[in-house]
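The values are calculated or read from the model by the stated rules, or taken from the named source; none is laboratory data. Computed from a predicted model, the values in this text were never measured in an experiment. Here the Cβ positions follow ideal geometry from the backbone for every residue, glycine too, while neighbour counts run over all protein chains shown.
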Amino acid sequence: MSIEIPGYRSGTWVLDPAHSEVTFSVRHMMISKVRGTFGVKEATLIAPENPLEAKVEAKVDVSSIDTKDEGRDAHLRSADFFDVENHPVMTFTSTGTRVQNGDFLVDGDLTIRGITKPVTFEFDFGGFGKDPQGNYKAGASATAVIDREEFGLTWNAALETGGVLVGKEVTIGLDLQGALQV
């Protein structure tokens, strides 16, 4: 099976970290959400003629976590959560690409804290075009929901009003821009 994506070009695409971001959100006290970002260390997309045969590899700098609260960020870097000293990078390696009910899905292995689990990202292509320097660029957004406890992120605190401080489900968001290598 093959699909048509207007403007798609095969080749090696490299992520532009200055125009890309990894975000997350998780329930806090079960009444609101905490949002944060990570810096993308590197990502490469090998895109053959058939987009459904594409392969993605990405690395995220876990120490770059930013929730706009230095104390919380330090706690998230600690062994209670990401254990950045022992696990400084989170990785994603695709295992397949497919279209389901009109949605473009990328399946892969996500590794956090040395624990690897399968995850599916739903992609939305923003489009393709040339920048002012003549570089061919692509943009996309993607989302996935994970259970943080499956990745060893189990720290929590019970609340006296019931419930817990940190929710289990984490929504991961990607806003990506990459350049076709020539």
(message) Residue under question is Phe82, and the condition is that it be closer than 30 Å to Gly162 by Cβ and either under 15 Å from the mean Cα position of the chain (by Cα) or crowded, with 18+ Cβ neighbours inside 10 Å (or both); does it hold?
(response) yes
(request) Specify the residue that is nearest to Asp83 (Cα to Cα); the eligible residues are those in the range 132-161 that are assigned to a loop (DSSP other than H, G, I, E, B) and without any contact (Cβ under 8 Å) to a residue 12 or more places away in the chain. (result) Thr154
(request) Kindly provide the set of residues from the range 45-56 that are under 17 Å from Phe121 (Cβ atoms), without any contact (Cβ under 8 Å) to a residue 40 or more places away in the chain and either surrounded by fewer than 16 Cβ atoms within 10 Å (Cβ to Cβ) or in contact with a helix residue (DSSP H, G or I) (Cβ under 9 Å, 6 or more places away or on another chain) (or both), ordered by number. (result) Ile46, Ala47
(request) Kindly establish whether Arg35 is assigned to a strand (DSSP E or B) and either aromatic (Phe, Trp, Tyr) or over 24 Å from Trp155 (Cβ atoms) (or both). (result) no
(message) Please verify whether Thr97 is among the hydroxyl-bearing types (Ser, Thr, Tyr), within 21 Å of Ala54 (Cα to Cα) and at pLDDT below 95, treating the condition exactly as stated.
(response) yes
(request) May I ask you to say which residue of Thr67, Thr95 is under 18 Å from the mean Cα position of the chain (by Cα) and either crowded, with 18+ Cβ neighbours inside 10 Å or more than 30 Å from Ile5 (Cα to Cα) (or both)? (result) Thr67
